[in-house]
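These notes are about the structure you will find just below.
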């Protein structure tokens, strides 16, 4: 179905263009209002006021409902006219509405440098125009839209005749321009174009007569002298100088260069840079994804500066603000910014997002441009900004994996991991006033979790600290009481705690709770937590619920699955989770669930290793436990969880939890010392038991 509003309203059905009569003035007015707001809801109150010219009364709803019903029957496609919470709206597909086709062609013409091609496009657009828009429908609500598209048509007519002059067809357009000047006596551009055509045709006197007529009209109607452009043209004609007509395409197709400055002292990332090089040559879309503070934006900006010469038509850049202190940038606003950067006047930018997206695709067609969409929150924020041509390359950065862009839009995903140790040390060495010994540099890099953001903050603190020494900062970092305070810069853009919080706030409530509760787990380097332990923390009934929530955190790069079913956070995220965990009200219950899981699972494991040493732990029994079916599985679990068990013992001893220490001592001490397996851990567990006064057990016979 096609709709025409650039003249008498008409509706066509089918490929054979069978006209569908729309009887009745009210039905025509309703259709016009809906088409002027195509794919956008119009409230019943607005429609009733426009159609009947009074405040809606009790009967308005029924009258409007009946009118909508009749219009649906007229269109023979009831699904077109939809009513929902937004009001009433008409579903119109791309290219079905003549005014949309008209403006799309104009955009393409404005971005076309060849004047002959511009002429062809502009004349094709004007063939869609058959009279006054929404002709014979006297509706005040349509006045603004009628004025907008009528003004666009006049601007396009100016561009058309300027292009004809560029093609040397001055004599052929004199008659058309004379009629345009007669119909639009106050538009100085038409006067200037007619003067130019006459002058080039050897009719200098007629060209000057046009100027005198324009001046007389402007003074009589507006009390104004002609503008400087028209006066300058008259002077050039009087002097017999060569005239020039500025190309509309030259004005309308700027070469944007919007990349932010290349981050100074960029270090490493050779593998990622090479992968982006390969991706840009084979696919039109790539996504840089990774955790907060890992340097995605710096990587995208640095690569873009190195690749900018491969995109001769320019570079577009926008911060979508998906994660930050401000609200996310609406996609329609990002589209408007891009359109303005590509030369579309503000009053010619469509109101609807889908129309803006179509206009952008038209302007980018066949152009070789780089488009950087930084800090995206979701695929839906990105898709309307994607060009329809493979000649452009789009680079997206996000903390989310944006799996939908890979699955549906063919995006090449590059996961930006924390810096390798050598890269982290190189970044520090580049910024520190004096480079410390290698071991100290290792400690500082690891304590900063090898995050570029934290590394830069740490280096800045050392550079401007009182001592200027690395050891002083390491001493501060060793005191867990301060946690992330050491990295606080007073700036929400660079303080890790604030940066982490933006990711946390994007989580669904149940996933956010899991992130907080993870703060109760061991945060020593290399200590990974299993899905069953996390299930116990949640108090969930089964691991499937836990797994679903963990997947959310993994996609958000707030946790890493380092082995099947085992997870870890880097130290600084762990610090942030621990800060949130400290605010939980049911602190004791959460700790009890975690300790209960480890005690009961350790008891199950030991029952398989040494059936004579089974116990009945005095702790909450978990809802889900790993399936330890034989002695080998039990020994594997004990070995895997040994570091976590010892860490829990240390924490329990500090908290004076003698019952847990006593139970754990009784369960695993024999395993630790049996056949000389782990004598150091066994001795440490004995010391902890002594510190809290836990019951001792006899020396084992061996396991």
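Read the figures in this text as sums done on the coordinates, not as results from a lab. Every value quoted in this text rests on a predicted model; they were computed, and no experiment measured them. All Cβ positions, glycine included, derive from the backbone under ideal geometry; neighbour counts span all protein chains shown.
So what is the relative contact order for the chain, in percent, with contacts set as C-alpha pairs under 8 Å and at least six apart? Please list the in-between numbers first.
Working: 1027 pairs, mean separation 55.4, N = 703.
It comes to 8 percent, rounded to a whole number.
From helices alone, the chain scores -17000 deg cm²/dmol at 222 nm; the rule is -39500 (n - 2.57) for each run of n ≥ 4 DSSP H residues, then divide by the residue total. Maximal additional length on extending the residue 618-residue 19 stretch stands at 207.4 nm, based on 0.36 nm per residue less the C-alpha distance. Residue exposure proxy: 464, 305, ordered by other Cβ atoms within 10 angstrom of their Cβ from fewest to most, comes out as 464, 305. Working from Cα pairs under 8 Å separated by at least six residues, relative contact order for segment 13-77 is 37 percent.
The angle between the Cα long axis of helix 496-505 and the longest principal axis of the Cα atoms of the chain comes to about 70 degrees, rounded to the nearest 10. For the peptides 372-385, 261-274, the ranking by mean Cβ contacts within 10 Å, running from highest to lowest, is 372-385, 261-274. So if R0 is 56 Å, what FRET efficiency would residue 340 and residue 76 give, r being the distance between their Cβ atoms, rounded to the nearest 0.05? The formula returns an efficiency of 0.85 here. Going from the fewest other Cβ atoms within 10 Å to the most, the residues 497, 123 appear in the order 123, 497.
The angle separating the long axis of helix 543-555 from the principal Cα axis of greatest extent in the chain is about 50 degrees.
Hey, can you rank 320-331, 285-296 by average C-beta count inside 10 Å, highest first? If you can, show how the numbers build up before the last one.
Details: 320-331: 16.6, 285-296: 25.1.
So the peptides 320-331, 285-296, ranked by packing, come out 285-296, 320-331.
On the basis of the beta-carbon distance and an R0 of 56 Å, residue 474 and residue 178 show a calculated FRET efficiency of 0.10. To one decimal place, what orientation-averaged projected area in nm² is obtained for the convex hull of the Cα set of segment 507-584? Hull-based average projected area comes out at 4.6 nm².
Given a Förster radius of 30 Å and the C-beta distance between residue 123 and residue 85 as r, what FRET efficiency does 1/(1 + (r/R0)^6) yield to the nearest 0.05? Please report the intermediate quantities before stating the final value.
On the way: r = 43 Å, r/R0 = 1.45.
Between residue 123 and residue 85 the formula returns 0.10.
How much length is gained if the chain between residue 186 and residue 438 is pulled fully straight, taking 0.36 nm per residue apart and subtracting their Cα-Cα distance, in nm to one decimal? If you can, show how the numbers build up before the last one.
Details: separation 252, 0.36 × 252 = 90.72 nm, distance 7.76 nm.
Answer, rounded to one decimal: 83.0 nm.
Is the shape of segment 276-344 rounded, prolate or oblate, going by the alpha carbon gyration tensor and its root eigenvalues a ≥ b ≥ c, with a/c under 1.5 for rounded and a/b larger than b/c for prolate?
Numbers: a/c = 2.09, a/b = 1.07, b/c = 1.94.
It is oblate, given that a/c is not under 1.5 and a/b is not larger than b/c.
Taking label points 7 Å from Cα along the Cα-to-Cβ direction, residue 463 and residue 544 give a separation of 5.4 nm.
Take the alpha carbon gyration tensor of segment 270-410, find the square roots of its eigenvalues, order them as a ≥ b ≥ c, and report rounded if a/c is under 1.5; if not, report prolate when a/b exceeds b/c, else oblate. It would help to have the intermediate numbers written out before the result.
Working: a/c = 1.70, a/b = 1.25, b/c = 1.36.
Here segment 270-410 falls in the oblate category.
Based on C-alpha pairs under 8 angstrom that are at least 6 apart in sequence, segment 588-692 has a relative contact order of 26 percent. When only alpha carbons of the chain are considered, Rg and Dmax amount to 35.9, 121 Å. The distance separating the Cα centre of segment 1-60 from that of segment 607-677 comes to 75 Å.
Report the extension gain between residue 403 and residue 116 in nm, rounded to one decimal, defined as 0.36 nm multiplied by the number of residues separating them, less their alpha carbon distance.
Values: separation 287, 0.36 × 287 = 103.32 nm, distance 4.43 nm.
Going from the current span to full extension adds 98.9 nm.
Look at where the Cα atoms of segment 317-343 and of segment 99-124 average out, and the two centres are 26 Å apart. In the chain, the DSSP beta bridges split such that about 45 percent are antiparallel, to the nearest 5.
Dividing the alpha-carbon radius of gyration of segment 606-666 by 2.2 N^0.38 Å (N being the number of residues), what value is obtained?
On the way: Rg = 12.6 Å, N = 61, 2.2 N^0.38 = 10.5 Å.
Compared with the compact-globule rule of thumb, segment 606-666 sits at 1.20.
For the listed peptides 400-413, 427-440, a ranking on the average number of other beta carbons within 10 Å per residue, highest first, reads 400-413, 427-440. Roughly what angle does helix 421-431 make with the longest principal axis of the chain, taking Cα atoms, 0 to 90 degrees, to the nearest 10? Once rounded, the angle reads 70 degrees.
Residue order for 191, 317, 147, 527, fewest other beta carbons within 10 angstrom first, comes to 147, 527, 317, 191.
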